[in-house]
Structure formats: structure tokens, C-alpha cells
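For reference, the structure discussed in these notes is given below.
The values are calculated or read from the model by the stated rules, or taken from the named source; none is laboratory data. As the structure is a computational prediction, the values presented were derived from the model and not from experiment. With ideal geometry, Cβ positions are generated from the backbone for all residues, glycine too; neighbour counts draw on all protein chains shown.
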2 protein chains.
Amino acid sequence: MAPARFNKDRVVLDTSLFVNPDVRASLGPTPTEALEAFLFIAAQIPILEFYMPPSIFEELMNFVQRESISGDLLVYLNQKSPRRHELTTPAFLLYELVDDIRERVNKGMRVAEQAVRSEKPLNEAIQELRRKYRDALREGIIDSKEDVDLLLLAMELDALLITADQGVVKWADKLGIRWLLPEKFKEYLMGSIKKAELLGEE
Amino acid sequence: MAPARFNKDRVVLDTSLFVNPDVRASLGPTPTEALEAFLFIAAQIPILEFYMPPSIFEELMNFVQRESISGDLLVYLNQKSPRRHELTTPAFLLYELVDDIRERVNKGMRVAEQAVRSEKPLNEAIQELRRKYRDALREGIIDSKEDVDLLLLAMELDALLITADQGVVKWADKLGIRWLLPEKFKEYLMGSIKKAELLGEE
């Protein structure tokens with residue numbers, strides 16, 4: 001078993017894998033069942049180490065029945081934050097982030113103006129504003145501490161990042177982080193079991 | 001003269017010093033005159049090296065009469081971009097930027113909702129929306145390539161940053177960059193002439 005320690009690949013997981021119904025379908029009908037199924041499979045893959053930033057894990061805990069999750073199996077899902085005060089990121093990212101924000105802020109302004117000019121009933125206009133504004137300013141952007149945690153942890157660990165969040169994937173690309181199509185998550189796990197068997201590690 | 005080369009302090013300048021009427025008042029009544037006055041003074045300060053990112057210089061050129069600026073004197077104002085693809089910034093900045101944006105985006109949404117509910121005449125409501133939205137989303141934030149250029153160049157050169165932009169000053173603080181109250185710019189220059197004389201470098 002000893003050499004296996006040096007071959008282990010690391011994988012960083014996002015909540016979306018267990019919460020997003022389309023993505024989790026192959027693992028289970030509910031977030032709780034999907035997480036349990038994952039942990040059960042993960043226990044059979046000695047060549048992979050799974051990580052989740054605590055901020056993401058907390059998010060996930062809002063969607064599952066805590067008491068049904070086996071503590072035994074949590075040994076296969078490491079909770080770890082990135083080293084926020086030691087890590088550095090390339091400066092050109094600041095330019096990209098600032099550009100991105102600028103464009104979205106302008107788009108948000110146009111959406112707001114449209115809503116003011118709208119001749120729809122007030123409630124309808126407000127609903128439409130909220131939806132369009134959110135689309136304009138939130139989608140495809142890294143807009144939360146949790147998103148940054150995922151990216152930095154994957155960078156720090158040189159890990160594969162698996163998420164259904166397109167904004168995070170876009171930034172993973174910029175940072176040279178490996179990522180996987182989220183709908184292939186289960187197949188990837190099953191493939192890893194086979195690979196581990198081939199390596200004589202079952 | 002030789003040892004002076006090693007004592008030179010570096011200073012990064014923003015357009016606002018020459019364009020913002022309150023700030024440039026002590027240098028000259030117009031941007032062109034303020035820039036000329038500055039260059040004339042700078043030529044008498046052998047202990048300082050002045051820098052301006054080309055993006056900022058381009059901005060400034062929109063406010064001055066290019067043909068009146070002496071090419072001779074431009075030898076005292078270096079144009080240089082930061083090394084965008086070599087520099088790195090601390091990762092915790094990403095968290096601060098993302099938090100900052102999130103808060104502003106939410107504020108922008110509230111401003112937009114208020115405008116939709118406003119019972120003022122359409123044109124007035126739109127004007128108010130634009131002003132409030134700009135205040136909510138733009139003020140005190142680094143929101144342009146030029147802002148990032150100023151900060152990174154000051155970091156790279158370990159320079160003193162002089163700007164009237166409060167958003168940039170806020171971020172200079174986060175990054176440990178030295179900065180000066182912009183209204184003290186001329187006094188700082190005059191003090192530097194005296195200091196240079198005391199050092200026997202006139």
C-alpha cells in the first residue's frame with residue numbers, strides 16, 4: 001500500500017454536485033442520498049483524496065439531513081480551507097475581474113432603466129427586474145467567498161475541481177485548474193475504482 | 001552625483017492630480033498648466049523618480065493640450081506599466097473584492113427597486129436612478145484597468161502613490177502601499193526640493 005500514498009490524486013468538490021437535481025441524479029434522488037452514495041463509493045477509491053472547503057460543506061449541510069450522514073464515511077471527505085493568507089494569485093486576474101464587474105454593472109444599469117420605463121403592473125415589473133438584474137450581475141461570475149474558496153483550494157492542492165457552477169469553471173480555466181464536466185462525476189468515480197483495481201490497490 | 005542613484009525614491013502619479021480642480025489648484029488653473037508646472041518642479045528634484053502608467057497618461061492626454069507639453073520635461077515623468085503577468089497579489093484580496101462587489105450589487109438592486117416604485121416623472125426618476133446607482137456601485141471601488149495599473153505599479157516599484165481617488169487609496173491601504181494626501185502634492189514637491197538641497201544634490 002505504501003507507494004499509493006505518493007500517487008494519490010486530489011479532488012475538490014462543490015455543493016452543486018449533491019444539490020443540483022440534474023447533476024446529482026446519477027447518485028441519488030435527494031441531496032442526503034446523493035452524498036451518502038458518494039461517500040460509499042469514495043471509500044472504495046484508495047487512489048483519490050476528496051476535499052471540500054468548510055464554507056462549502058456548511059452550505060451542503062443546509063440541504064441534507066445531518067443525522068443520516070455517517071461519520072465513519074466522512075473520513076473520505078476532507079474539510080480544509082485554502083491558506084488564504086499565504087496564497088497569491090496572478091495580478092492579471094484583477095484586471096479580468098475588474099473588467100468583468102464593469103461590464104456587469106453597466107448591464108445592471110440598463111436592466112434597471114428598462115424596469116423604470118416598463119408599463120407593466122408594478123409587481124410584475126419588480127419581479128422581472130429582480131430576475132434580469134440577478135442574471136446580469138450574478139451569473140458566470142465569482143461572487144461569493146465559497147466560490148473563491150473552491151478555486152484557491154484547488155490551486156493550493158493542485159487538485160481536480162468538480163462543480164456545476166459555470167462561473168467557477170470559467171475562473172478555473174483562467175487559473176489553469178483542472179476541472180471535470182459535473183454530469184460525469186459518477187462515471188469518473190466508477191472509472192477510478194477500476195483504475196485502482198488495475199493498480200492492484202483494491 | 002553617483003550615490004544619489006541609490007537614494008532615489010519613486011512616486012506613482014494619477015491623472016486626478018492634474019484634472020481634479022480642487023487638487024490641481026496649487027499647480028495651475030488648467031490641466032495643461034498644472035502638468036507643465038509639475039514637470040518644471042520635478043526637473044529640480046534629483047532625489048525623486050516620477051512614474052505614470054501609460055493607461056493613466058493616455059487619460060491625462062485627453063485633458064491637456066498635447067502640443068503645449070514640453071518633450072524635454074517628459075524625461076522627468078516615466079511611463080511604465082506594471083509587470084501584469086509576473087506580479088502576484090495576496091489571495092485574501094480576492095475575498096475582499098468579491099465581498100465588496102456583492103454588497104454593492106445588492107445595494108444597486110435596492111436602488112433599482114426604489115426607482116421602479118418612484119412616483120416622480122419618468123425623466124426625473126431615470127436621472128435619480130443613474131446618480132444613485134453610480135454612487136452605489138462605483139464609488140470607493142477599484143473599477144477600472146487604470147486603477148489596477150496604479151496599484152500594481154506602486155507595488156512593483158515600492159513607490160509612493162499619489163491620487164485623489166478614494167477607491168484607489170482604500171486598496172492601497174489593503175496592499176500596504178504608501179500614499180499621500182493629494183492636496184499636499186505641491187508642498188511635498190517643494191519639500192523634496194529642499195531635502196535635495198540639504199543633501200547637497202541641487
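Mind telling me which of the residues B:Ile47, B:Ile56 ends up being surrounded by fewer than 21 Cβ atoms within 10 Å (Cβ to Cβ), among the β-branched types (Val, Ile, Thr) and more than 30 Å from A:Asp149 (Cβ to Cβ)?
On the way: B:Ile56 fails: surrounded by fewer than 21 Cβ atoms within 10 Å (Cβ to Cβ).
The unique qualifying residue is B:Ile47.
I need the full set of residues from segment A:148-160 which are surrounded by 14 or more Cβ atoms within 10 Å (Cβ to Cβ) and charged (D, E, K, R), in order please.
So in segment A:148-160, the residues surrounded by 14 or more Cβ atoms within 10 Å (Cβ to Cβ) come out as A:148-157, A:159-160.
Matches in segment A:148-160: A:Asp149, A:Glu156.
Any residue that is more than 7 Å from chain A (Cβ to nearest Cβ) and of a type in the set (Ser, Thr, Tyr) - is there at least one of those in segment B:81-90?
Yes, some residue in segment B:81-90 is more than 7 Å from chain A (Cβ to nearest Cβ) and of a type in the set (Ser, Thr, Tyr).
In contact with an Asp or Glu (Cβ under 7 Å, 6 or more places away or on another chain) and more than 30 Å from A:Leu175 (Cβ to Cβ) - does that describe any residue in segment B:71-82?
yes
Being in a helix (DSSP H, G or I), touching a helix residue (DSSP H, G or I) at 6+ places or on another chain (Cβ under 7 Å), modelled with pLDDT of 95 or more and not basic (Lys, Arg) is the requirement here; does A:Leu150 meet it? Give the derivation first.
Working: in a helix (DSSP H, G or I): yes; touching a helix residue (DSSP H, G or I) at 6+ places or on another chain (Cβ under 7 Å): yes; modelled with pLDDT of 95 or more: yes; not basic (Lys, Arg): yes.
So A:Leu150 passes the test.
Identify the residue in segment A:114-147 that is facing another protein chain (nearest Cβ under 7 Å), outside any helix (DSSP H, G or I) and touching a residue at least 12 places away in the same chain (Cβ under 8 Å) and, among all such residues, is surrounded by the most Cβ atoms within 10 Å (Cβ to Cβ).
Per the criteria, the residue is A:Ile142.
Check off (1) out of contact with any Phe, Trp or Tyr (no Cβ under 6 Å at 6 or more places or on another chain); (2) assigned to a helix (DSSP H, G or I); (3) facing chain B (nearest Cβ under 8 Å) for A:Val111 and give me the number that stays unchecked.
So the condition that A:Val111 fails would be (1).
With respect to A:Ile101, is the statement that it is in a helix (DSSP H, G or I) and either closer than 30 Å to B:Glu156 by Cα or more than 8 Å from chain B (Cβ to nearest Cβ) (or both) true? Lay out the reasoning, then the answer.
Numbers: in a helix (DSSP H, G or I): yes; either closer than 30 Å to B:Glu156 by Cα or more than 8 Å from chain B (Cβ to nearest Cβ) (or both): yes.
For A:Ile101, the condition - in a helix (DSSP H, G or I) and either closer than 30 Å to B:Glu156 by Cα or more than 8 Å from chain B (Cβ to nearest Cβ) (or both) - is met.
Looking only at segment A:127-149, how many residues end up being closer than 16 Å to B:Asp100 by Cα and among the hydrophobic types (A, V, I, L, M, F, W, C)?
4
Of these, A:Ser68, A:Ser81, which one is in contact (Cβ under 8 Å) with a residue 24 or more places away in the chain, loosely packed, with under 13 Cβ neighbours inside 10 Å and in contact with a helix residue (DSSP H, G or I) (Cβ under 7 Å, 6 or more places away or on another chain)? Talk me through it step by step, then tell me what you get.
Numbers: A:Ser81 fails: loosely packed, with under 13 Cβ neighbours inside 10 Å.
Result of the check over A:Ser68, A:Ser81: A:Ser68.
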